[in-house]
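Here the structure comes first, spelled out in structure tokens, and everything after it is commentary.
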Amino acid sequence: MWSNFLFKLFFLFIYSVNVLEADRILAVFPTQMKSHFLVGQHLLKELAKSGHEVTVISPFKIKDPPKTYHEITTTIPNEAYEAYVSMVSNEANIGLGVLSKFSQWGIDVTNATLSNSGVQNLLNTKQKFDVMLYEIFINDALLGIAHQLKIPVIGISTVGLSPMVAYYTGSSIPNSYVPNMLLGLPEEMNFKERLINTLGNLYFEFIFRYFFTRTNDELYENFFPNPKPSLEAVRKSIVTMVLANSHISLNGPRPFMSNVVEVGGIHIDTNIKTLPEDLKSFLDSAEEGVVYFCMGSNISPSEMIPEKRNAIIKGLSSIKQKVIWKWDHETAKEVDQYKFYSSNWLPQNEILAHKNVKLFITHGGLLGTTESVYHGVPIIGIPMFADQKMNMVHYQSAGLGLVLEFSNLTETNFKYVLNEVLNNEKYLMKAKEMSLRFSDRPASAIETAKFWIEYVVRYNGAKFMQSPALKLNDIEYFNIDVYCFLILFISMILYISYKMLQIILCRTLLKSKSKVD
């Protein structure tokens, strides 16, 4: 009896192991912007821990990777990236002007990735994969990898619901109520703002179609010279869905297709790690609380205009709270070492999780502000470029923080926003409320992303999820031919009616005249 029971138990175990087959996942996160890689890092590690075979193409290595996590490390030229960083460190609100630097950087990233020996070996040996996770970042030519390996693609939008997501899914972005992420316009726009938004979107469309697309077409032709469909055809046919680093509580509602799934907060590790002892002691001993200042990995405090940096230092020195400052060198020598804790690397998620942190001062990047919302910490934003102003305008409208334009950054203005947010409890209450809304979902961001990745593999690419809008040209998509036909038809009816009325009137007048005669 017992032997029969054990045999059945052993059989069930072997069966379950065979059923739970590992998917072979190729992930491409090509940029040297660490924040972009961090969006995918947590997901990729969790996929590997779940037993999937994960191969990652990226400039970054991770510590203690799982056994099924494999890395192809790329080297990206720094010239265009450094020019971009230099531009955004001191020029605030450059908006659409950043696109020229951005595009050259995107070309360098794509070229270096496809030139990498590890990537070329992967293509030449035609390794087997079930799906490719692909960071959407002005790098369409990388879709040639998936086309050559004959695998479906899931796009990963690290910057949320960007215009690029619309191109991959056939979604619409109405100019009337969806603000361009580079312009920092409010959710509810007046006539002037809608005009600016429309012109901005037209400019972006022009740059995308006639520069980004053209340069990626050239790279695609160079690296994949054999007969094949055009890059545009590949883009429209191979991308099944997009996982977007956004959430309705952060970004508001957007009219995107159902194959765009929001997984905002996917980078946040809910298992809070232990802080370094000196940092923990600094936080624990702050009786009045702590202000955390971090302008991200692309803004260098040491390279800021001195008068702006001094305004920040004087403002932070004037408050009673202690300050944790992310500095691009080991320490910031020009600040009070007792009041300030500075380092070139800080465990941001763990800091924001600490009960003594009262305020987060940031450039408004999506990852940092999302972490702040998750932990219910009020925000002061000093936006510099890209989506940062849009993020902060939304948070200011929601009531959990304030925006201070870099151009208006003076000691007086900085002290004002500091005292306003630190001493007015309404910002903390709104931050806690938004934290609850953000966390209240049927499944975590990681579990949601894992489900859809496995779903696409389970249904062999799930092509049925793609919108028929992708098969339409611009004239068909915007119904221009239908509207032209209707205008022509109505015009003809009106013209015929006019002519008939004219004839009737003429005959009536003639009859009247003949009777008079």
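Quick note: the coordinates plus some simple rules give every number you see, no bench work behind them. Because the structure is predicted, anything quoted here is derived from the model rather than measured. All Cβ positions, even for glycine, are placed from backbone atoms using ideal geometry, and neighbour counts span all protein chains on display.
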Plugging the Cβ-Cβ distance of ASP64 and GLU476 into 1/(1 + (r/R0)^6) at R0 = 35 Å yields, to the nearest 0.05, a FRET efficiency of 0.10
Enclosed volume per residue, in Å³, of the convex hull spanned by Cα atoms of segment 215-275
191
Pairs of alpha-carbon atoms within less than 8 angstrom and 6+ residues apart define the contacts here; what relative contact order does the chain have, in percent?
15
Estimated FRET transfer efficiency (ASN423, SER50; beta-carbon r; R0 30 Å; 0.05):
0.05
Which values, in whole Å and largest first, are the semi-axes of the equivalent ellipsoid of segment 346-499 obtained as the square root of 5 times each eigenvalue of the Cα gyration tensor?
46, 27, 14
Pop out the Kirkwood hydrodynamic radius of segment 418-477 from its pairwise C-alpha distances, inverse of mean 1/r, in Å to one decimal.
16.0
Between TYR495 and LYS126, what is the label-to-label distance in nm when each label sits 7 Å out along the Cα-to-Cβ direction?
5.9
Based on Cα coordinates alone, diagonalise the gyration tensor for the chain, multiply each eigenvalue by 5, take square roots, and list the semi-axes in whole Å, largest first.
46, 36, 24
In the chain, helical segments from DSSP H whose Cα atoms cover 20 Å or more along their own axis and that average at least 0.5 on the Kyte-Doolittle scale are 2-19, 480-516
Counting other beta carbons within 10 Å of each Cβ, put LYS61, LYS389 in order, fewest first.
LYS61, LYS389
Please give the charge dipole size of the chain, origin at the Cα centre, charges +1 on K and R Cβ atoms and -1 on D and E Cβ atoms. Round to the nearest 20 debye.
1500
To the nearest 0.05, what FRET efficiency results for SER172 and ILE504 with a Förster distance of 60 Å applied to their C-beta separation?
0.85
Solvent-free Debye scattering, log10 I(q)/I(0), computed from the Cα coordinates of segment 283-400 at q = 0.21 Å⁻¹
-1.29
